[in-house]
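The values are calculated or read from the model by the stated rules, or taken from the named source; none is laboratory data. Values in this document were obtained by computation on a predicted structure and should not be read as measured data. Methodologically, a virtual Cβ is constructed for each residue, glycine included, from the backbone with ideal geometry; neighbour enumeration extends over all protein chains shown. Surface areas here come from the heavy atoms of the whole protein model, side chains and all, with no ligands, DNA or RNA. Shrake-Rupley method; radii C 1.70, N 1.55, O 1.52, S 1.80 Å.
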Amino acid sequence: MAGEELKATTDAAGLAALIARAAEQTPGKKASLPPVDRWNPPFCGDIDMEIRADGTWFYMGTPIGRQPLVRLFSTVLRKDEDGKTYLVTPVEKVGIRVIDAPFVAVEMNVVGEGVERVLTFRTNVGDVVEAGRDHPLRFTIEGELGELKPYLHVRGRLDALVSRAVMYDLVELGEEIEIDGEAMFSVRSGGEVFPIMPARELERLSR
């Protein structure tokens, strides 16, 4: 049975139609995010779908060029406790590959200053998210060159990688703030402080 269901969804258009019905997205009706966290369908295997690090979606090795289709798929993404990412409908769950983060933050809006500042991000699939207590920013430093990679929590266990262009604007807002007795280079948004790195590390990298 699971094999038959998987076979039925190996066509991207068929899978999109299934998701559209599950999400009840009809013309003229305002789209809303389906309650994927409440659905518990059987796992029907993996499909050849991949989200690259730059946010581009591929199906069977070919980029999915239709943005409305990508947006539709993105509304039923779920990352489970096993660390894997799935497309989930009420009747089936199929695994996909995610190279880095499933979303990319491509735009940032800044309102206010200091403790009153609010940073609002737009993702490549149209989500609009205010960084704050419920949607924290986190920063990692990776690779031999110490590449800074900021991430924004979007929903569930799903994050957005902040694009390089937006990252530069974000870092420009950084300031030195003492956290637990240590000077940290940080940014503020929504009344929260998000540390980027120790101030001494920033000084070292700036030399």
- Message: Condition check: within 14 Å of Asp46 (Cβ to Cβ) and in contact (Cβ under 8 Å) with a residue 24 or more places away in the chain. Does Asp100 satisfy that?
- Response: no
- Message: Checking the conditions here, which among Thr26, Thr62 is at pLDDT 90 or above and among the polar types (S, T, N, Q)?
- Response: Thr62
- Look through Val166, Val154, Val187 and report the one residue that is without any contact (Cβ under 8 Å) to a residue 60 or more places away in the chain and outside any loop (DSSP other than H, G, I, E, B). Val154
- Task: Any residue in the stretch 47-72 that's under 22 Å from Tyr151 (Cα atoms): show its pairings with residues that are part of a helix (DSSP H, G or I) and modelled with pLDDT of 90 or more at Cβ separation under 7 Å, as long as the two are six or more apart or on different chains.
- Result: Trp57/Val70; Trp57/Phe73
- Message: Gly143 - would you say it is out of contact with any Phe, Trp or Tyr (no Cβ under 6 Å at 6 or more places or on another chain), in contact (Cβ under 8 Å) with a residue 60 or more places away in the chain and either surrounded by fewer than 16 Cβ atoms within 10 Å (Cβ to Cβ) or acidic (Asp, Glu) (or both)?
- Response: no
- Among (1) touching a residue at least 12 places away in the same chain (Cβ under 8 Å); (2) within 15 Å of the chain's Cα centre (by Cα); (3) open to solvent by 30 Å² or more (accessible area, probe 1.4 Å), which single condition is Val125 missing? (3)
- Tell me, which strands (runs of 3 or more DSSP E) wholly within the stretch 33-114 include 3 or more residues that are farther than 27 Å from Gly190 by Cα and out of contact with any Leu (no Cβ under 7 Å at 6 or more places or on another chain)? 43-51, 57-59, 93-98
- Looking at Val115, is it closer than 25 Å to Glu203 by Cα, more than 16 Å from the chain's Cα centre (by Cα), open to solvent by 80 Å² or more (accessible area, probe 1.4 Å) and touching a residue at least 12 places away in the same chain (Cβ under 8 Å)? yes
- Residues in the stretch 158-169: is at least one surrounded by 14 or more Cβ atoms within 10 Å (Cβ to Cβ) and of a type in the set (Gly, Ala, Ser)? yes
- Task: Taking Val76 as the residue in question, decide whether it is among the aliphatic types (A, V, I, L, M), touching a residue at least 12 places away in the same chain (Cβ under 8 Å) and more than 30 Å from Glu176 (Cα to Cα).
- Result: yes
- Item | Test result for Tyr151, closer than 21 Å to Asp100 by Cα, aromatic (Phe, Trp, Tyr) and in contact with an Asp or Glu (Cβ under 8 Å, 6 or more places away or on another chain) | yes
- Task: Answer with yes or no whether Pro150 is under 17 Å from Ser189 (Cβ atoms) and either open to solvent by 40 Å² or more (accessible area, probe 1.4 Å) or polar (S, T, N, Q) (or both).
- Result: no
- Task: Tell me, yes or no, whether the stretch 75-94 has at least one residue that is surrounded by fewer than 20 Cβ atoms within 10 Å (Cβ to Cβ) and on the phi > 0 side of the Ramachandran plot.
- Result: yes
